[in-house]
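The values are calculated or read from the model by the stated rules, or taken from the named source; none is laboratory data. Because the structure is a prediction, the values reported are computed rather than measured. All Cβ positions, glycine included, derive from the backbone under ideal geometry; neighbour counts span all protein chains shown. Ligands, DNA and RNA are stripped out before the accessible areas are found, and what is left, the full protein with its side chains, is counted by its heavy atoms. Shrake-Rupley method; radii C 1.70, N 1.55, O 1.52, S 1.80 Å.
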Amino acid sequence: QVVYEQEGVFIHSSCGKNDDQDSLIAGILRVIEKENEVVVDWRPLNETSDTSNILCAVKDSSSVVEWTQTPKGESSRGADRPSSYEAEWDMVTTVSFKKKPHSNGDATTHANGESEWSFLFSLTDLKSIKQNKEGMGWSYLVFCLKDDVKLPALHFHHGDSKPLIKCLEKHVALNESPHDERVLLVKTQKSLSQSFENLFDEPSYGLLQKWKKDPYIVTMGKFSKVTNYIVGSLRSSDPSNQRRPPSEMAYFLNDTIPGLKINQQEEPGFEVITRIDLGKQPEVSRREPVSAEEWAKNMDSEGRIVDVDYIKRIIFKGGLCHTLRKEAWKFLLGYFPWNSTKEERANLQKRKTDEYFRMKLQWKSVSEEQEKRNSRLRDYRSLIEKDVNRTDRTNKFYEGEDNPGLILLHDILMTYCMYDFDLGYVQGMSDLLSPVLYVMENEVDAFWCFVSYMDQMHQNFEEQMQGMKTQLIQLSHLLRLLDSGFCSYLESQDSGYLYFCFRWLLIRFKREFSFQDILRLWEVMWTELPCQNFHLLLCCAILESEKQQIMDKHYGFNEILKHINELSMKIDVEYILCKAEAISMQMMNCKELPQTVSEILGIENSSITPDSDTGEDESAADLSCPTSLYQSLSAPVVAANGTRDSGQQMAETQSLTPA
């Protein structure tokens, strides 16, 4: 869809035979919205222009811009760069661009043969815009792309560039440079704030460079495209060139997330590992979802939960039936206090309803003129509108046009910007809200449950990425304890930083499981059983399940990335929950558990022993220790170490008395 079009936009060529006179090339400038990106496109009116001109890049640049075209002959180096114009006014012959290594000498490329005087680029590659007024009356602007690639100046002979700038501001945030009022800088964040689907178009080394610049965007992109990217990379590249030294990987990722220190093997065959025998993984089973009847039986006459620990345990072991989720999730997420009465909860909802609509009115009452002077609000609104239109659209709750579910999704996210204006909206938050709104079917309740969920997830979306940094380091510790050999193999393939788990952690597996499975997974995690950071053990369970295939087939960097991404929507949630629980039992029953791991899981070394179920002082049992949990809940449903029998009937738990 063309959202902006302007004729009479000229390029002034300074590369003609007469340096004192410009060669004017008239063209049409368009801004085009595509499904996955927004592009700026300039094309000449007369495509038979003389193609003997020269592309002149910035002198002493660290790179040369190579312009893709369809020449009859081979490209060659040509005349020296003229000095009569600034580099940003240089002439360009192109359809698209890419960066290539720089050789010594001035950067010039000469094009022989026929080609179009045209260029296009994605807004994701835009770095800044320089604009100015000339004495003749028309305005001009220069687009500067990332890596300091400058496009030719565009001169607006008919009208000015203001409508273009206004159009671009709907898609990117533009701020005036503090050093030059003529320059508009594209606001960049280490967050999910830009279009991201066009990143997997270069070899894996280039992918790591983009991961370095913005890991959120890279990992949150449409990972279906990774398959094509990997296949192309494997077919077109020499496998011997795909390996990067661990020190190089360390540079990239440590620079991206300062403080991310995950041990990498510096020399193959040399490592010092203290091996701890965790013992055999126990067989674990799950039970049926908690029913409305079970829930009601555990409430007193005033609507207060009688035994919170018991309720959490049975939810952990089986999840909830769907009819119960609307009520139970409010407790699990902390919107409703566990010890509240029915009347207290009703009063709370009234207060929260008033508070919600006061915040909603704040952004609803902002006039169009006010919003023009509030770039942050414009940015938030633009990002939210884009993400809402592509969040869970295959789900009936959100499918179709003018769906009321989409309107609620939009309004809640906009109101959250008023609630937490410092964080505002970051891409990925719509993924966290969608299941909550689906279950609540109520704008106010969904908002406050989402607020509680974001309290848990807040650090994941902060600019410093503290939450992601911590979780990746913790996951590395857990996986190394579980299987040091597998960790060493991943490191040997430049995959020891577990970057492929980034999206899992960022939005809690939202795009790895089906919509219904994610409801089950989240409610189990929200019980905070059987230990802290159970979601990291889920990561371990998935990776351990795929270890044999990865190692037996000698997967390298690209194959590991491809394989992990293709697991999306193929993971058995019940099996992985069993396996993660079994891993937690292994670790918590280990007498020699490292202190670091104990702190990650939030357990006391002294209390975790295989014979801790002696029955002494049972009333003082700590829920952080899973012993009483495993004693009281056992039902052979899905075995973590065995094959899954699809015909096996779910059994009731055999002992469900509170510990």
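One table, with the values for the structure above:
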{"read-out": "Two-site label geometry, Lys352 and Glu385: point separation in nm, points 7 Å out along Cα→Cβ", "value": "3.0 nm"}
{"read-out": "Qualifying trypsin sites (Lys or Arg not before Pro) for the stretch 491-553 [loop in DSSP, other Cβ within 10 Å: at most 15]", "value": "Lys553"}
{"read-out": "Dipole-positive endmost among Cys501, Leu577, Cys531 within the stretch 488-589 (Cβ charges, Cα centre)", "value": "Cys501"}
{"read-out": "Accessible area of Tyr438 in the full protein assembly, 1.4 Å probe (Å², nearest 10)", "value": "50 Å²"}
{"read-out": "Cα→Cβ-extended label distance, 7 Å offset, between His563 and Lys34, nm", "value": "3.2 nm"}
{"read-out": "Largest to smallest accessible area among Ser340, Ser367 [probe 1.4 Å]", "value": "Ser367, Ser340"}
{"read-out": "Rounded to the nearest 10 Å², the accessible area of Trp295 at probe 1.4 Å", "value": "10 Å²"}
{"read-out": "Scaled radius of gyration (Cα, divided by 2.2 N^0.38 Å) that the stretch 320-456 gives", "value": "1.08"}
{"read-out": "Paramagnetic label zone (point 7 Å from Cα along Cα-to-C-beta, Phe421; backbone N under 16 Å) in the stretch 439-482", "value": "none"}
{"read-out": "Efficiency of FRET from Cβ geometry, Ile165 and Gln532, R₀ 51 Å, rounded to 0.05", "value": "0.55"}
{"read-out": "Protein-only accessible surface order, largest first, of Tyr499, Tyr398 at 1.4 Å", "value": "Tyr499, Tyr398"}
{"read-out": "Dipole axis of the stretch 320-456 (+1 Lys, Arg; -1 Asp, Glu on Cβ), positive-most option in Cys321, Phe336, Asn389", "value": "Phe336"}
{"read-out": "Once the Cα gyration tensor of the stretch 483-566 is diagonalised, semi-axes √(5λ) in Å", "value": "25, 14, 11"}
{"read-out": "Karplus-derived HN-Hα couplings along the stretch 24-30 (A = 6.51, B = -1.76, C = 1.60, θ = phi - 60°), whole Hz, x at Gly and Pro", "value": "8, 10, 7, x, 10, 9, 10"}
{"read-out": "Given Lys547/Lys579; Lys297/Lys352; Lys130/Lys162; Lys146/Lys510; Lys330/Lys510, the pairs whose alpha carbons are separated by over 21 Å", "value": "Lys297/Lys352; Lys146/Lys510"}
{"read-out": "Estimated dipole of the stretch 320-456 in Debye, rounded to 20 [Cβ of Lys and Arg +1, of Asp and Glu -1, Cα centre]", "value": "180 debye"}
{"read-out": "Accessible area per residue, Å², the stretch 320-456 with all protein chains present, probe 1.4 Å", "value": "45 Å²"}
{"read-out": "Computed accessible area, Lys162, all protein chains, 1.4 angstrom probe, square angstrom", "value": "150 Å²"}
